[in-house]
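The values are calculated or read from the model by the stated rules, or taken from the named source; none is laboratory data. Please read these numbers as outputs of a predicted model, since none were measured by experiment. Methodologically, a virtual Cβ is constructed for each residue, glycine included, from the backbone with ideal geometry; neighbour enumeration extends over all protein chains shown. Ligands, DNA and RNA are excluded from the accessible area calculation, which covers all protein heavy atoms including side chains. Shrake-Rupley method; radii C 1.70, N 1.55, O 1.52, S 1.80 Å.
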Amino acid sequence: MDTISPVTQLHQEASAPRLQITSAKTLAESSNLTSIPSHYAFTTPTSGDQAVHADHDDSIPVIDFSLLSSSNPDQRSKAISDLAKACQDWGVFMLINHGVPESQMKGTVDALMGFFDLTEEDKNKFLGKHVLDPIIYGTSFKASVDKVLLWRDFLKMMVHPKFHCPPKPEGLSEALAEYTGELRKLARELLKGISESLGLGPGYIDEAMNMDSSLQILAANLYPPCPQPELAMGLPSHSDYGLLTILMQNDIGGLQVNHGGKWVKVDPIPNAFVVNTADQLEIMSNGKYKSVLHRAVLNNKTTRISIPFSVGPSPNTVVVPAEQLVDGKHNQATYISMNYKDYLEFKQSRVLNKGLCPSQVKI
Ligand code: OGA
Ligand code: NI
């Protein structure tokens, strides 16, 4: 799998680490900002890399969660085969009728927006050093070493098996505990369907990935308006590390997925989640469901927030291709086995847009 990112100079070791790094939000709010500072500009031309809207006859699949949990066997098996097609052909789908209350979704967006409104001093208490720190606030990707900075601020929290959350703003912890509890249930049901869609028993993934102690990370990406959105980047092309990512966003577009070599815009649908396949699912399915490449672009008008919930195996699970999907002849195991925690560290140590995981763990 090759990345098609225009961002070829990103994340090389900078000769001297920047001491003072400003958040994208502070920069965007500084008065009279009409152009971006030079260290946010990508120099590689982006021509030929423009995103398109999905075709009418080949658009991002929509999965109706209520059908997946239907007691009508025909409805359910149709939903499972739609799910198989979505995972195999796209690696991304919109999830509707998922049962998570709208008020809870909105409460979570507002509470996380509130975090970014705290003072830099409050937020900087969570400046993280290591991928496995339980709470990390930062800007760009790894701001101390990124050669070109990304126009985004982020907060990442491990919310399972143990729940972590900053104490401020008031109400954040309650909102996130409730929201992530709902998503945990949703993810488990989805993985049951995905397990079946691979021809495995519904409980296969749950058991093999030790989902009782699944590592779940909730993040929030804040993309403030950028005066030159075509020159800067929100998040360059990458794949996600877990099994699945369930993403909520406000109504501002910016997410794009790679489909058949083209970048396709993911237009937000109100109250729907965007679900994408990630690296551990690619490994356990022995490449049947590829981890989809995606990126986030910017705009010059409105702040966009996206809130991805990453669902992974338990930290100590050694992820291997499912035996039933491997035989000695046509379908040999094509990935090395690796414990999930080590995989995370391995992936985080790579240059983001050159992070060819999981193909780097191919045999
Ligand atoms: C991510 C991600 C997409 C977005 O955080 O891994 O892909 O739309 N975010 O912000
Ligand atoms: Ni991602």
Reduced to Cα centres, the span from region 247-273 to region 280-312 in Å works out to 10
Which one, Tyr179, Ala143, Phe273, is farthest towards the positive end of the dipole of the chain when Lys and Arg carry +1 and Asp and Glu -1 on their Cβ?
Ala143
Between region 221-239 and region 114-135, how many Å separate their Cα centres?
20
Under the rule of at least 5 residues apart or a separate chain, name every residue whose amide H is placed under 5 Å from the amide H of Met338.
Val319
Counting only the backbone N, which residues of region 145-168 are under 20 Å from the spot 7 Å out from the Cα of Asp122 toward its beta-carbon?
153-158, 164-168
Which value in nm describes the separation of the simple spin-label points at Gln324 and Asp58, placed 7 Å from the Cα toward the beta carbon?
3.1
Efficiency by 1/(1 + (r/R0)^6): what FRET value for Ser81 and Lys162, r their Cβ-Cβ distance, R0 = 51 Å, to the nearest 0.05?
0.85
Please give the residues of region 273-311, grouped as numeric ranges, whose backbone N is less than 18 Å from a label point set 7 Å along the Cα-to-Cβ vector of Thr34.
300-301
Computed helical MRE - 222 nm, the chain, DSSP H runs ≥ 4 contributing -39500 (n - 2.57), nearest 500
-7500 deg cm²/dmol
Would you mind checking Lys78/Lys341; Lys168/Lys301; Lys25/Lys129; Lys168/Lys265; Lys290/Lys341 for any pair whose Cα atoms are more than 24 angstrom apart?
Lys78/Lys341; Lys168/Lys301; Lys168/Lys265
Long-range amide H contacts for Phe126: which residues qualify at under 5 Å (H placed 1.01 Å from N, peptide plane, sequence gap of 5 or more or a different chain)?
Tyr137
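Taking the Cβ-Cβ separation of Asn299 and Lys185 as r and a Förster radius of 35 Å, what is the calculated FRET efficiency to the nearest 0.05? Write down the numbers at each step before the final one.
Numbers: r = 34 Å, r/R0 = 0.96.
Calculated transfer efficiency: 0.55.
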So what are the ³J(HN,Hα) numbers for region 50-63, from phi and the Karplus equation (6.51, -1.76, 1.60; θ = phi - 60°), rounded to whole Hz, Gly and Pro as x?
5, 7, 10, 7, 4, 5, 4, 8, 8, 9, 4, x, 10, 10
Quick tally, 1.4 Å probe accessible area for His238, His56, sorted with the most first, runs His56, His238
Sites matching trypsin sites (Lys or Arg not before Pro) across region 276-343 that sit in DSSP coil, with at most 13 neighbouring C-beta atoms within 10 Å
Lys301, Lys329
Estimated distance in nm for a label pair at Phe346 and Lys129, the labels positioned 7 Å out from Cα along Cα-to-Cβ:
2.5
